[in-house]
Amino acid sequence: MIELLAPAGDLEKLKIALIYGADAVFIGGENFSLRARASNFTLTDIKEATMFAHKLKKKVYVTTNIIPHHEDMDDLIPYLKGLEEAEVDAIISASPFIVDTALKHTSLEVHLSTQQSSMNAETVNFWYERGVKRIVLARELSKQQIKRLVDKTKADIEVFIHGGMCMSYSGRCSLSNSMTDRDANRGGCAHSCRWNYELRQNGEKVSDETFSMSSKDLEALEQIPYLIEAGVASLKIEGRMKSLHYIATVVKVYRDLIDQYYLNKEIASFDQFLNELKKAENRLASFGYLEGMPGIEQQLYNQRSEKPTQLFVGIVKEYDHESKIAIVEQRNYFKTGDKLEIFSPDKALETFVVEEILDENNDIVEVARHPQQRLKMKIDHPVEEYAMLRKIDE
Amino acid sequence: MKIISTIFKLDNLMSILENADGIIVGNSNFSARLTSSFSIEEINDLISKLNQLDKSIFLNVNQMFSDDQLDAVRKQFKSLNLHGLTGIVVADLGVFRILKQQGLGHKVVYNPETLLTNYYDFNFLASEHVYGAYIAKEITLADIMQILNKKSYKTFMVGHGHLNMFYSKRKLIDNFSKFIGTDNTFKNQQNLTLTEEHRQNLNYPVFEDEAGTHVFRPAVFETLSVVDQLERQLDYLVVDTIFKDDDYAVKVLKMYHNRQLDLKEKEQLEKDYHETWDDGFLYKKTIYKTRGQND
């Protein structure tokens, strides 16, 4: 079965991603990893992550995907050996230095990062023959081009299906370096491609409209059946800095879609999946390059965005089946009388109305307003740990 | 150290070659960010001419390619006198593989723009016996010198010109033209700039060609101040004149040929071409997150 690969910015998100249906997660260690602002894992965290994942027969990949400068090259071997001892299932690298060092000094499986912008079977086979088992393709390919490529290689092919899009070929952009002195290839990307610009010709403004390079996010729901049939090995969701609720929602949607396709060999309607995604998405989305060269319909002019249709208000920590009392950790404002939806890994959606909220001293709380406060509330439907509560606007 | 230059018009070849050791050319079907696109016939003529003159000629095959595009490149290669070239500059390792299959791996100059930032990564194709590689543009002089000291093959760097900092496959200017409702596609026009809303004094040259959209640094990068240092180790210094013209190339090449900054000429060029020169990242270290910490 095709792998569903999800991002995880910390241990809690990692557990959520795996429980909600990801087959594997990718995480960033403290060194040699992009996404400097994502919460990065210590070697101890990574060990805990692999133990948790392996118990579920799932995998953990660690990104070591910077393009290093000379001063970044120290201590690589001990770090890679640390990852090997932590039993990570693979590293994701972009630098030949890191790739070759890992292959020479450890038994780690190596995946080639999309930072290398692998676009064709010749490039993929170059890396495969060098010992790289899996290649994360550039995002700039149509689904037909991906299929053709898969047919011409023995390497495992990983394809982005959901999340933010680099506007440049990944790894070949230094907008951030030039405009902010922050090195995009060493974890400092300032996302300068999402800023507002003015286009000028011979120094004269071409239009009063704002020029934007920014595009809608990637959302490949309708392309999943094709990618499965094409023989792609792994489908990747992007976004190590995204919220717990976003990770759970997106992972569950793609999990259900993949499972439904394997079961029925067709997807009757994508609407239910699309509606679910909207509960957590806050950016407009499209299918990127998967249906061919993106045109104007995929650009984000005037920085339009949408609010998620539903608000994540709490996560279930415990549930007593006899008393039907749930311990819920607050994540967003909600109050007595609100109608909430229960979103959980293995059950259909259910709704209930909040009748009473108690704090840990059993005092009545009319409004849950304190982040991460542990609250008690009665939920007649049995719920499980890690189930999420969403507020339904009526 | 040899100096190679881009060129706009073939009529100006001899003027360019007065102070350059060779040229670098391309065709819009497989090259990106060209000063001018030359036909296959023109390129083959140039190869013959440069060989007769005992000068270097490099071909830019620096687009990124999907498999179907690579098929087209293979066909174009059949019409080109690749053996007569000094080197073939590639951005995509797939092109390297094709050339290797044709027994031309030794002509490859690998230029992935941003990726060769340390001596190990720079030399990673040593076992493939390529001709050379481009040093990344975004590193310091100290890092450049480390790479030069440990090179396994010929070293190339852009020594003068607007440095490219963004290469998208998307036709971003064409999309914008449609958005604002104009028939002007602005394709292949070298008079466009972008200005960011909080950096009103900086104009970033932007260019759309067959390969996609490219954005460049606003200042012209120059290395005349360090050319003596580079000369001891660097094999090829590239003068890229995109957004300028051949008169500009002739004047700039003379300074690099003489290994000397002509301050008066520089000031005149800055005035005539509405540009400023700077030293890019030579003394400016970009920021990496503090190791072992989150920011």
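Every number here is computed from the coordinates shown, using simple stated rules; none is lab data. Because the structure is predicted, anything quoted here is derived from the model rather than measured. Heads up, the Cβs are rebuilt from the backbone with ideal geometry, glycines too, and the neighbour counts pull from every protein chain shown.
Worth pointing out:
- Order of B:LYS285, B:LYS78, B:LYS55 under a 10 Å beta carbon neighbour criterion, fewest first: B:LYS78, B:LYS285, B:LYS55
- Start at zero, step by 10 Å, and the Cα-Cα distances of region B:13-111 spread as 16, 52, 27, 5, 0 percent across the bins.
- A simple rule links phi to the HN-Hα coupling: the Karplus curve 6.51 cos²θ - 1.76 cosθ + 1.60 with θ = phi - 60°, which for region B:210-225 gives 4, 6, x, 10, 10, 10, 10, 5, x, 8, 7, 6, 10, 10, 4, 5 Hz, with x for Gly and Pro.
- A DSSP coil position with no more than 13 other Cβ atoms inside 10 Å describes the following trypsin sites (Lys or Arg not before Pro) in region A:19-80: A:LYS57.
- 24 Å tail of the calculated P(r), region A:4-143, as % of Cα pairs: 27 percent
- Cross-linked pairs A:LYS216/B:LYS75; A:LYS205/B:LYS266; A:LYS236/B:LYS78: Cα-Cα separations exceed 32 Å for A:LYS216/B:LYS75; A:LYS236/B:LYS78.
- Residue of A:SER286, A:SER168, A:SER93 that the Gaussian network model of chain A assigns the largest fluctuation, springs spanning Cα pairs under 10 Å: A:SER168
- Taking every residue in B:209-217 and counting other chain Cβ atoms within 10 Å of its Cβ, the average works out to 3.
- Amide H partners (placed H, <5 Å) of A:GLU281, local residues excluded: A:THR309
- Note on chain A: with a GNM built from Cα contacts shorter than 10 Å, the maximum mean-square fluctuation among A:HIS191, A:HIS54, A:HIS69 falls on A:HIS69.
- Seen through its C-alpha gyration tensor, with square-root eigenvalues sorted a ≥ b ≥ c, chain B comes out rounded because a/c lies under 1.5.
- In this structure the amide hydrogen of A:ALA368, modeled in the peptide plane, comes within under 5 Å of the amide hydrogens of A:PHE334, A:LYS335, A:THR336, none closer than 5 places in sequence on its chain.
- 10 Å Cβ neighbours from other chains, averaged over peptide A:187-197: 4
- Neighbouring partner chain Cβ atoms per residue of B:171-178, average, 10 Å criterion: 6
- Taken over the Cα atoms of the protein assembly as shown, the convex hull encloses 164 Å³ per residue.
- Loop-located trypsin sites (Lys or Arg not before Pro) across region B:186-253 with a Cβ neighbour count of 12 or fewer within 10 Å are B:ARG232, with loop assigned by DSSP.
- The ratio of the alpha-carbon radius of gyration of region A:193-331 to the globular-protein estimate 2.2 N^0.38 Å is 1.38.
- Within region A:135-289, percent of DSSP bridges classed antiparallel, to nearest 5: 40 percent
- Protection proxy ranking, highest mean first, for peptides A:292-298, B:18-24: B:18-24, A:292-298, where packing is the per-residue count of other beta-carbon atoms within 10 Å, averaged.
- Under-5 Å amide H pairs with A:GLY28, H placed in peptide plane, nonlocal only: A:PHE41, A:THR63
- DSSP beta bridge pairing in the protein assembly as shown, given as percent antiparallel to the nearest 5: 45 percent
- Antiparallel DSSP beta bridges within chain A, as percent of all bridges there, nearest 5: 50 percent
- Calculated from backbone phi, Karplus (6.51, -1.76, 1.60) coupling profile of region B:118-126 in Hz, x at Gly/Pro: 8, 5, 5, 4, 4, 8, 5, 9, 4
- Within the protein assembly as shown, helix-based [θ] at 222 nm, where runs of 4 or more DSSP H residues each add -39,500 (n - 2.57), nearest 500: -8000 deg cm²/dmol
- At 1.567 mPa s and 4 °C, Stokes diffusion of chain A via Kirkwood alpha-carbon radius, µm² per second: 58 µm²/s
- In order through region B:157-169: 3J(HN,Hα) via Karplus (6.51 cos²θ - 1.76 cosθ + 1.60), integer Hz, x for Gly, Pro: 8, 6, x, 8, x, 6, 7, 5, 10, 7, 9, 10, 6
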